[in-house]
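The values are calculated or read from the model by the stated rules, or taken from the named source; none is laboratory data. Everything quoted here is computed from the prediction, not taken from an experiment. Cβ sites come from the backbone with ideal geometry, for glycine too, and all protein chains shown count toward neighbours. These accessible areas exclude ligands, DNA and RNA; they are computed on the full protein's heavy atoms, side chains included. Shrake-Rupley method; radii C 1.70, N 1.55, O 1.52, S 1.80 Å.
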Amino acid sequence: MKSKNPILQSKPSTQLTIFCTRAVFTMYVFDNFDPEIFLDYHWQKRPAVFRRTFAKFVDPLDEHELAGLAQDPRIDSRVVSYTSPNWQVEHGPINDFEQACQGRWSLLVQSVDQHISDADALIRMFNFIPYWRLDDLMVSFSNEGAGVGPHLDQYDVFIIQGKGSRRWKAGEKGEYSTYRPHADLTQITEFEPTIDEVLLPGDMIYIPAGCPHNGVALEDCMNYSVGFRAPTQQDLLSSLADYSIDLGLFKKRYQDENLTPRRDPSELAPSEINSFRTMLHEVIDSPKFDRWLSCHFSDTQLNQGYDPQHNPDYSLEEILTLFDQHTVFERQPGIRPIYLAKHDPAQSLEIFIEGQAYFAPAKHVTEVRKMLKMPSWQYNIEGDDATPLSVNHFWVHLLCELVNAGAWLPQEKTEF
């Protein structure tokens, strides 16, 4: 008997090339959503539902493509299912969907924006919040009655309704008891909802960190969760320590000042504590701290996964030839550059992409910033004071580095 569930009707292709993404065909536009009003009245304050945020919403992928991503071991995925009275969680790669998808179930895949160009275009609609806060786009497919149960998240999230419909309940921040119906699933006890609404395609719900919520699919449906990271002190200290070790930084050693005989050798004196505090303050106050922070937030842990055939090592001469051929260079999904705010236009710019630093001299900063914002870019000789290509060392070197890093790739020409 043929399964009624579309994701099980045909086996997802194991040949899906997840890192060779299709061109962006979908243009997303906010129709009934004002970012300024949202930030003033809702951001990190209370849950809210926005109707027809995308009046003509187009799903950036379907459940079969999502299932294909879930088969790849490099991508974080899971199936959460409920068959009374038991919850089950199976982590990817998911190779047997018939076995994993039993009862009421949801397939959830993280960082889809890193692999699907249209998904990347959707998440960039939220660029009114800085890149360093933006985490990823999680996509889920659920059958009727499925969800992951009432729970809390420690990050802010927008959840866009794709095809199908889902009933959402959300409440205010408070103290809630948690429990684990499964070792890999944390839920909370029932809460008093302040929102209880059904979302249709193009609708969106915003849920601040710490607010309880529960979504239940009313039919087969797709959902798109735009999450925002909020690092803990522990996260930052761990990353800073790794950065200092990797680059051999912050090696100043403690020295005693005016040490006198100690009556009680077990004592740690207040002056000594202040000396250690001063040492750590010197680290935080260092310009290297600013550089680390930019580096840290630019690293999305994107696994480029390019093979030499797909992403050959381009020479400067080959990049120059591509410029001469008016080649369009496409920014790859998931790439989110970070740089420190500069108020002096005469200053050079240091840009971080996936933890790597790139430099732009002051004369090119304006054009570089434009390039970083666009999904595709083409060298424009007129826009660069008509400098002959053969002597424009900066752009040739920059694009060569970005292409060989897999961040921007030359667009393949299509023959008709």
**Fill in**
The residue from V148, V198 that alone is at pLDDT 95 or above, among the hydrophobic types (A, V, I, L, M, F, W, C) and part of a loop (DSSP other than H, G, I, E, B) is V148
**Request:** Scan (1) open to solvent by less than 80 Å² (accessible area, probe 1.4 Å); (2) over 19 Å from N214 (Cα atoms); (3) among the aliphatic types (A, V, I, L, M) for the single condition V49 breaks and write down its number.
**Result:** (2)
**Request:** Restricting attention to the range 101-125, report how many residues are surrounded by 17 or more Cβ atoms within 10 Å (Cβ to Cβ) and either aromatic (F, W, Y) or on the phi > 0 side of the Ramachandran plot (or both).
**Result:** 2
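Within the range 160-195, can you find the residues that are in a loop (DSSP other than H, G, I, E, B) and charged (D, E, K, R)?
Taking the range 160-195 first, the residues in a loop (DSSP other than H, G, I, E, B) are 162-165, 171-177, 183-184, 189-194.
Answer for the range 160-195, where residues must be in a loop (DSSP other than H, G, I, E, B) and charged (D, E, K, R): K163, E172, K173, E175, D184, E190, E192.
Would you call D34 of a type in the set (D, E, K, R), exposed (fewer than 15 other Cβ atoms within 10 Å of the Cβ) and without any contact (Cβ under 8 Å) to a residue 60 or more places away in the chain? Walk me through how you get there before you give the answer.
Details: of a type in the set (D, E, K, R): yes; exposed (fewer than 15 other Cβ atoms within 10 Å of the Cβ): yes; without any contact (Cβ under 8 Å) to a residue 60 or more places away in the chain: yes.
So D34 passes the test.
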**Message:** Cβ-Cβ distance below 9 Å, separation of 6 or more or different chains: which pairs start in the range 123-142 with a residue that is in contact (Cβ under 8 Å) with a residue 12 or more places away in the chain and farther than 24 Å from A70 by Cβ and end on one that is among the hydroxyl-bearing types (S, T, Y) and in a helix (DSSP H, G or I)?
**Reply:** Y131/S298; W132/S294; W132/S298
**Item:** Among residues of the range 315-363, those that are open to solvent by less than 50 Å² (accessible area, probe 1.4 Å) and closer than 22 Å to S298 by Cβ, counted
**Value:** 21
**Asked** V198: buried (at least 20 other Cβ atoms within 10 Å of the Cβ), β-branched (V, I, T) and in contact with a strand residue (DSSP E or B) (Cβ under 7 Å, 6 or more places away or on another chain), yes or no?
**Response** no
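Quick one: which of A119, A48 is more than 23 Å from E330 (Cβ to Cβ) and aliphatic (A, V, I, L, M)?
On the way: A119 fails: more than 23 Å from E330 (Cβ to Cβ).
Only one candidate passes the filter, namely A48.
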**Request:** Tally the residues that are within 15 Å of S294 (Cα to Cα) and open to solvent by 70 Å² or more (accessible area, probe 1.4 Å), restricting the search to the range 222-246.
**Result:** 3
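Working only within the range 233-292, note down all residues that are among the hydrophobic types (A, V, I, L, M, F, W, C) and more than 38 Å from the chain's Cα centre (by Cα). Break it down stepwise before answering.
Of all residues in the range 233-292, those among the hydrophobic types (A, V, I, L, M, F, W, C) come to 236-237, 240-241, 245, 247, 249-250, 259, 268-269, 273, 276, 279-280, 283-284, 289, 292.
If the condition is that a residue be among the hydrophobic types (A, V, I, L, M, F, W, C) and more than 38 Å from the chain's Cα centre (by Cα), then L259, L268, A269, I273 are the ones that fit.
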**Message:** Name the residue that is farthest from L61 (Cα to Cα), counting only residues in the range 161-220 that are over 27 Å from the mean Cα position of the chain (by Cα) and of a type in the set (F, W, Y).
**Reply:** Y176
**Asked** Quick check: is even one residue across the range 85-100 surrounded by 21 or more Cβ atoms within 10 Å (Cβ to Cβ) and within 20 Å of the chain's Cα centre (by Cα)?
**Response** yes
**Request:** Confirm whether L39 is under 21 Å from the mean Cα position of the chain (by Cα), modelled with pLDDT of 95 or more, hydrophobic (A, V, I, L, M, F, W, C) and buried (at least 19 other Cβ atoms within 10 Å of the Cβ).
**Result:** no
**Message:** Being small (G, A, S), modelled with pLDDT of 95 or more and closer than 22 Å to F126 by Cα narrows it down to one residue among A23, A48, A67; which is it?
**Reply:** A48
**Message:** Suppose we keep only residues that are touching a Lys or Arg at 6+ places or on another chain (Cβ under 7 Å) and open to solvent by 30 Å² or more (accessible area, probe 1.4 Å) within the range 134-176. Which one would you say is nearest to R51 (Cα to Cα)?
**Reply:** E172
**Prompt:** In the range 52-82, what count of residues is obtained for those that are open to solvent by less than 60 Å² (accessible area, probe 1.4 Å) and free of Cβ contacts under 8 Å to residues at least 40 places away in the same chain?
**Reply:** 2
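Take the range 182-218 and flag every residue that is of a type in the set (S, T, Y) and either within 18 Å of L107 (Cα to Cα) or free of Cβ contacts under 8 Å to residues at least 60 places away in the same chain (or both). Full working, then the answer.
Taking the range 182-218 and keeping what is of a type in the set (S, T, Y), we get 186, 189, 194, 206.
If the condition is that a residue be of a type in the set (S, T, Y) and either within 18 Å of L107 (Cα to Cα) or free of Cβ contacts under 8 Å to residues at least 60 places away in the same chain (or both), then T186, T189 are the ones that fit.
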